[in-house]
Amino acid sequence: MMDLAAWRMRDSVIPYGDFNKIYDRYADLTGKPVDMAAIQYHHLFFTLTNQLSFHGPLARPLADTDYMTYAHWVSETNLHTVETMAEYLGLKLDHVPIPDPVSSPVSGPREHLSRSLRSIKVDDAYVTYQVRIAFRLARHLERFDQIGAEVMEQDRADLAALTGKAPIGWDECEAELERYISADDGAHDAELVLLFNRRWQRYKA
């Protein structure tokens, strides 16, 4: 059941097709019915592994940390976590609109940095990889410059709607959300799943 569960995470990268057909074929070959509850259980724990593995490198990256690859993996699998929890709770997840990009005093320099890094050509494979790491991070910061302020404000509004308070600073908002979740007894699981769906869709943008 763990093997069958792991496939569900890879479906976003390698489209396997209709999982019901895969599970039926497994049952035909083994003569045993598929335990869907076990698959859901194992899948949920698989989806948490990237967040657990890469939180440290993302919070305190080293000089050669492939930051955007880790961020991409975490955003993908955290959305899988949200989708799995929604499946458990019978919730419908909505598509979240992403803010239109805006300009700032540093928009031009950020775009120039991205273009400059993208134009660098070297023969050394390792240096090429490091330049790619830097380019993808520069592009991420360029994108944050375009939509980040509105995304943070939308996240703050979600927090205020859930907890009744939302500090101005990002760190303080994160601390308030963690405090709220730690003190909650499960009564607000549905609201939290919907909130994290919105947050991770925005993050992925």
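Quick note: the coordinates plus some simple rules give every number you see, no bench work behind them. Everything quoted here is computed from the prediction, not taken from an experiment. Every residue, glycine among them, receives a Cβ derived from its backbone with ideal geometry; neighbour counts consider all protein chains shown.
Quick notes on this one:
- With R₀ fixed at 45 Å, the C-beta to C-beta distance from Asp11 to Ser119 puts the FRET efficiency at about 0.80.
- Taken along the Cα-to-beta-carbon direction at a fixed 7 Å, the label points for His72 and Ile22 span 2.1 nm.
- Within the stretch 46-85, backbone nitrogen closer than 18 Å to the virtual label 7 Å beyond the Cα of Tyr180 toward Cβ: 82
- Normalised contact order of the chain, rounded percent, pairs of Cα under 8 Å and 6 or more residues apart: 22 percent
- In this structure, Ala205 and Ala160 have a Cβ-Cβ separation that, at R0 = 25 Å, corresponds to a calculated FRET efficiency of about 0.75.
- Electrostatic dipole magnitude of the stretch 110-162 [Cβ: Lys, Arg +1; Asp, Glu -1; Cα centre; debye, to 20]: 300 debye
- Dipole magnitude (debye, nearest 20) for the stretch 1-93, charges at Cβ of Lys, Arg, Asp, Glu: 100 debye
- Annotation: extensible slack from Phe144 through Thr128 equals 3.3 nm (criterion: 0.36 nm per residue apart, minus Cα-Cα distance).
- Prolate/oblate/rounded label for the chain (Cα gyration tensor, a/c 1.5): oblate
- Segment Phe45..Lys92, full-extension length gain: 14.8 nm, with 0.36 nm per residue of separation and the alpha-carbon distance subtracted.
- Cα centroid of the stretch 122-199 to Cα centroid of the stretch 1-79, whole Å: 21 Å
- If R0 equals 35 Å, the separation of the Cβ atoms of Asp35 and Ala59 corresponds to a calculated FRET efficiency of about 0.45.
- Dipole of the chain, positive end: most advanced residue of Leu192, Leu48, Ile22 [Cβ charges, Cα centre]: Ile22
- The stretch 46-160 shape via C-alpha gyration tensor axes, a/c threshold 1.5: oblate
- If only the Cβ of Lys and Arg carry +1 and only the Cβ of Asp and Glu carry -1, the dipole of the stretch 62-205 around its Cα centre is close to 680 debye.
- Anisotropy class of the stretch 105-179 from Cα gyration tensor, a/c 1.5 cut: prolate
- Crossing angle, helix 49-59 versus the chain [Cα axis fit, 0-90 degrees, rounded to tens]: 20 degrees
- The helix-only estimate of mean residue ellipticity at 222 nm for the chain, built from DSSP H runs of length n ≥ 4 each weighted as -39500 (n - 2.57), is -24500 deg cm²/dmol after division by the residue total.
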